[in-house]
Amino acid sequence: MSINLPAENELGKSKELSFKMLKGKTILSPSPIGFWTKIHHDEIPDSKIIFQDKTKEYSEILHYSVLPFFTTNLTILDTQQQKYQLPSNHIIRLLKDKIAHQKFYACYLKQNKKRVMPLIEKLQDQWSKFD
């Protein structure tokens, strides 16, 4: 997970950030984001996270806001598929907390292996471009 900051934001001077450094900040986030919601609330309970559940509106807000927002390497895949566009005037800082780096596993029935492996391989290939 990374945090995207306006170029003039003081936190942008650090190469890596932590959830602790985001304490008290107001941050934009798409919704729903699954288990990330609990991580945000647990790791930065004093922050104000503004959730937006409409993709088009979220994209629009990002372009006109000076608020930081979270992204993952999956977000980058979403932007390639043009679900929304990220503003170009922000800098990306990796969150160094261990919990900000999640592993994902694919579970499937053995009889479906031939059917799901092409999808899993495609995701792995795309994902590796952003790690």
Of the residues in segment 64-86, those that are surrounded by 14 or more Cβ atoms within 10 Å (Cβ to Cβ), over 13 Å from the mean Cα position of the chain (by Cα) and modelled with pLDDT of 75 or more come to Ser65, Leu67
The residue that is surrounded by the most Cβ atoms within 10 Å (Cβ to Cβ), considering only those in segment 16-31 that are in contact with a strand residue (DSSP E or B) (Cβ under 7 Å, 6 or more places away or on another chain) and either of a type in the set (Lys, Arg) or more than 20 Å from Leu86 (Cβ to Cβ) (or both), is Phe19
Does segment 31-52 contain any residue that is more than 19 Å from Ala100 (Cβ to Cβ) and touching a Pro at 6+ places or on another chain (Cβ under 7 Å)?
yes
### Filter pass, Ile49 being modelled with pLDDT of 85 or more and touching a Phe, Trp or Tyr at 6+ places or on another chain (Cβ under 9 Å)
yes
Flagged pairs (Cβ under 7 angstrom, 6 or more apart or on separate chains; first in segment 100-128, at positive phi; second modelled with pLDDT of 85 or more and surrounded by fewer than 12 Cβ atoms within 10 Å (Cβ to Cβ)) are none
Inside segment 32-42, the number of residues satisfying the requirement of being in a loop (DSSP other than H, G, I, E, B) and surrounded by 11 or more Cβ atoms within 10 Å (Cβ to Cβ) is 1
Within segment 87-124, residues in a helix (DSSP H, G or I), surrounded by 10 or more Cβ atoms within 10 Å (Cβ to Cβ) and not polar (S, T, N, Q) come out as Ile99, Ala100, Lys113, Arg115, Val116, Met117, Leu119, Ile120, Glu121, Lys122, Leu123
Does segment 44-63 include one or more residues that are under 13 Å from the mean Cα position of the chain (by Cα), part of a loop (DSSP other than H, G, I, E, B) and of a type outside the set (Asp, Glu)?
no
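Matching residues to (1) within 20 Å of Asn89 (Cα to Cα); (2) touching an Asp or Glu at 6+ places or on another chain (Cβ under 7 Å); (3) free of Cβ contacts under 8 Å to residues at least 24 places away in the same chain:
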position	(1), (2), (3)
Phe19	no, yes, no
Pro30	yes, no, no
Lys38	no, no, yes
Asp53	no, no, yes
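The values are calculated or read from the model by the stated rules, or taken from the named source; none is laboratory data. This one's a predicted model, so the numbers in the text were calculated from it and none came from an experiment. Ideal geometry is used to build each Cβ from the backbone, glycine not excepted, and the neighbour counts take in all protein chains shown.
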